[in-house]
Amino acid sequence: MRFSDRVVVVTGGASGIGLATAQRFASEQAKVVIADRDSQRAETAARQLRAAGAAGVLASTCDVAVEAQVKATIDAAIEHFGRLDVVVNNAGLMTFRSLGKLTQEEWRRVLDVDLLGAFYFIKHGFAVMKPGSAVVNVASIHAIQTSPLDAPYAAAKAALLSLTRSAAIEGMNQQIRVNAILPGAIDTPMLWDNPNVRSGAESIDPKDVGKPAHVAAAIAFLASEDAAFIQGTTLIVDGGRLARL
């Protein structure tokens, strides 16, 4: 198994892509920390992984926008498992308003979660991760091509790609790899609750909708030794949707 005895933190790990990612790592014998702001859902997800035979699971209540909670999650991983090998920055937040109606608070909340949350985990992760470790940032195809009413999310995800490159450069000195993944339309509540999708303003062809497990598999690849010579890159996982636009 690629991740035997490895310890992985997955943010937003209680549902959607995050939960699928936690399940994928656990299936490859990783010890998994499910970091989620919803403590009840995090505990439920942890029980699911344990019932499925996970080597070790820890639920950690964590709002990634709060640096102290991020550090506490990393400290808990070290205390509980003795090491940290992989961080998956998956937690994300979207808001749907026109530019003229967006408030400063709405902008800051999205940036705090989608961009600064990843920065906090990279900052504190780098302090304890050993050579051979990896960070995978979950961005979005919105970083490249977006739709109306998504400005804060698209801007945060575009900035996350830049952060990925900067962190990859600094990570080389510690032999820590940092890469990003860009999911397309994935079968999660975030997709179907999108008002653009509900209203028909954004048309989604069913063949363009992937499963969370598809993204989880790509994340696991980037975190594994199979991707040992991949650094500072972005991997699009969208079933070819962008290629046809």
Under 15 Å from a point placed 7 Å out from the Cα of residue 128 along the Cα-to-Cβ direction: which residues of the range 36-52 have their backbone N that close? 36
Using Cα positions and a limit of under 19 Å, work out the lysines in reach of residue 71, with same-chain residues fewer than 8 apart set aside. 31, 123, 130
Rank these for me by crowding, 78, 122, 141, going from fewest to most other beta carbons within 10 Å. 78, 141, 122
Plugging the Cβ-Cβ distance of residue 104 and residue 66 into 1/(1 + (r/R0)^6) at R0 = 22 Å yields, to the nearest 0.05, a FRET efficiency of 0.70
Please list, in order, the residues from the range 104-123 whose amide nitrogen is less than 18 Å from a point placed 7 Å along the Cα→Cβ vector of residue 170. 112-123
For a bin width of 10 Å, list the pair-distance distribution of the range 7-244 built from all Cα-Cα distances, rounded to whole %. 8, 34, 38, 17, 2, 0
For the pair residue 233 and residue 208, what calculated FRET efficiency results from E = 1/(1 + (r/R0)^6), where r is the Cβ-Cβ distance and R0 = 25 Å, to the nearest 0.05? 0.65
Go through the range 94-143 and name the chymotrypsin sites (Phe, Trp or Tyr not before Pro) that are in a DSSP coil and have 13 or fewer other Cβ atoms within 10 Å of their Cβ. none
In whole angstrom, note down how far apart the Cα centers of the range 23-74 and the range 112-135 are. 16 Å
Which value at 222 nm does the chain reach when only helices count, each DSSP H run of 4 or more adding -39,500 (n - 2.57), with the total divided by all residues and rounded to the nearest 500 deg cm²/dmol? -12500 deg cm²/dmol
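Throughout, read-outs are computed from the coordinates displayed, never taken from laboratory work. Every value quoted in this text rests on a predicted model; they were computed, and no experiment measured them. When we count neighbours, we look across all protein chains shown, and the Cβ atoms used for this are built from the backbone with ideal geometry, even at glycine.
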